[in-house]
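Working notes for the structure below.
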Amino acid sequence: MNGTLVLLHGVASNSARWAEFAERARLGRWTILRPDLRGNGAAARPRTRVGMDVWCSDIAKLLDAQRCERAVIGGHCLGANIALHFAARHSGRVAALVLIEPMPREALTGSAGWLPFLSPFLHVLYGAARALNSCGLYRRRLAPLDLREWDRATRSGERKLSMLATLGVDLRSTPLAAYTRMLAATAEPWPDVAAIRVPVLALISSRSSMTDPARTRRALAALPDCDLVELDAVHWIPTEQPDAMRSAIEDWISRRGLETDP
């Protein structure tokens, strides 16, 4: 079978999130696209606007550039939420969805539970940062973030898993404007998921530190065709359970007989 799988990273991340998956996935002749979302990695341009509409438009342009009419769209954390919004806005471009630790607004807990309340402040901070950027005030150099190396060091015990998603680490590699806007976007309500009629695979963490698993299950239950797999993780499924994640995606794509290219 032929197909295209687009993988979207989360907040303060980049395309390296999916380097290990792309190298090891057994998907035959499938094409795996793993873009840097605007505001992150190689797309961290300081004066550019970011937001859900921009990210969704960029994904559509990516598919156009690849001459791909329909693709399986997947993502982790905010990337999963973006995948849902893309499916709602561009239903004809989506063959299926793979949601890895999606973040329903009503399920946010722990430190992420503050995001809905902080959203107005985050938008103000985003606007202020963009205003400074337009005046030429921004960092000329950001620290590189090799998430493949982070994953290796985390699994070996050289780094603690809790270091991921900390303010100091995130802001070293991410512009302030993009960072605040991505945090605010994580707390945005989902689109009407009942209208999303494509097959969905959802992988959620059984010990999630950022969402309540029961509330996440209820949010996902509104999807008409959703297969749900729970993995032993706290949020970072690509880091904590890479093999189980990969196998779940491979098996599901095979079982569903998905093929996206004409």
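State the extension gain, in nm to one decimal, for the chain segment bounded by R45 and F121, taking 0.36 nm per residue of separation less the distance between their alpha-carbons.
25.1 nm
How far is helix 176-186 tilted off the main Cα axis of the chain, in degrees rounded to 10, range 0 to 90?
Relative to the chain, helix 176-186 is tipped by roughly 40 degrees.
Once the Cα atoms of helix 78-89 and of the chain are each reduced to a long axis, what angle between those two axes, in degrees from 0 to 90 to the nearest 10, is obtained?
Orientation of helix 78-89: about 70 degrees from the principal axis.
Would you list H235, H90 from the most to the least accessible area, probe 1.4 Å?
Numbers: H235 0, H90 55 Å².
Descending order: H90, H235.
Specify the residue with the greatest mean-square fluctuation among C68, C135, C56, computed from a Gaussian network of the chain linking alpha-carbon atoms under 10 Å apart.
C135
Under a point spin-label approximation (7 Å from Cα along Cα-to-Cβ), what is the T109-E149 distance to one decimal in nm?
Going from the T109 label point to the E149 one covers 3.5 nm.
Just read off the accessible area of M163 with the full protein assembly in place, 1.4 Å probe, to the nearest 10 Å².
Spelled out: M163, probe radius 1.4 Å, area about 70 Å².
As a test of the formula, what do you get for the chain when each DSSP H run with n ≥ 4 contributes -39,500 (n - 2.57) and the sum is divided by the residue count, at 222 nm and rounded to the nearest 500 deg cm²/dmol? Display every interim value, and only then the final one.
Working: 10 runs with 107 residues, N = 262.
Computed ellipticity for the chain at 222 nm equals -12500 deg cm²/dmol.
Let me make sure I get this right: for the range 2-158, a, b and c are the square roots of the gyration tensor eigenvalues over alpha carbons, sorted descending. Under 1.5 in a/c it's rounded, otherwise prolate if a/b > b/c, else oblate. Which is it?
rounded
Run the simple label-point estimate for D225 and R26 please: 7 Å along Cα→C-beta, distance reported in nm.
Here the modelled spin labels are 2.6 nm apart.
Only Cα pairs under 8 Å and at least 6 apart count here; give the relative contact order of the range 64-180 as a rounded whole percent.
21 percent
Quick one: dipole size for the range 65-135, taken about the Cα centre, charges +1 on Lys/Arg Cβ and -1 on Asp/Glu Cβ, in debye to the nearest 20. Walk me through the intermediate numbers first.
On the way: 6 positive and 3 negative charges, 57 e Å.
In debye, rounded to 20, the range 65-135 gives about 280.
If you count only protein heavy atoms with a 1.4 Å probe, what accessible area per residue comes out for the range 154-198, rounded to a whole Å²?
48 Å²
Positive end of the charge dipole of the chain (Lys, Arg +1 and Asp, Glu -1 on Cβ, about the Cα centre): tell me which of L118, Q241, P213 has its Cα farthest that way.
About the Cα centre, the residue reaching furthest to the positive side is L118.
Which sequence of D225, D64 reflects their accessible areas, 1.4 Å probe, from the largest down?
D64, D225
Let me cross-check V169: its accessible surface, 1.4 Å probe, with only protein heavy atoms counted, in Å² to the nearest 10?
V169 exposes around 20 Å² with every protein chain in place.
How far is it, in nm, from the label point at D251 to the one at H90 when both lie 7 Å from their Cα along the line to the Cβ?
Label at D251, label at H90, 3.1 nm between them.
Starting from the Cα-Cα distance between A214 and R141, subtract it from 0.36 nm times their residue separation and give me the gain in nm to one decimal.
22.1 nm
For a Förster distance of 25 Å, can you work out the FRET efficiency between the beta-carbons of A131 and D53, rounded to the nearest 0.05?
0.80
The values are calculated or read from the model by the stated rules, or taken from the named source; none is laboratory data. The structure presented is a predicted model; accordingly, all values stated were derived computationally and were not measured. Here the Cβ is made from the backbone with ideal geometry for all residues, glycine too, and neighbour counts use every protein chain on show. Protein only, heavy atoms only, side chains kept; ligands, DNA and RNA dropped before computing areas. Shrake-Rupley method; radii C 1.70, N 1.55, O 1.52, S 1.80 Å.
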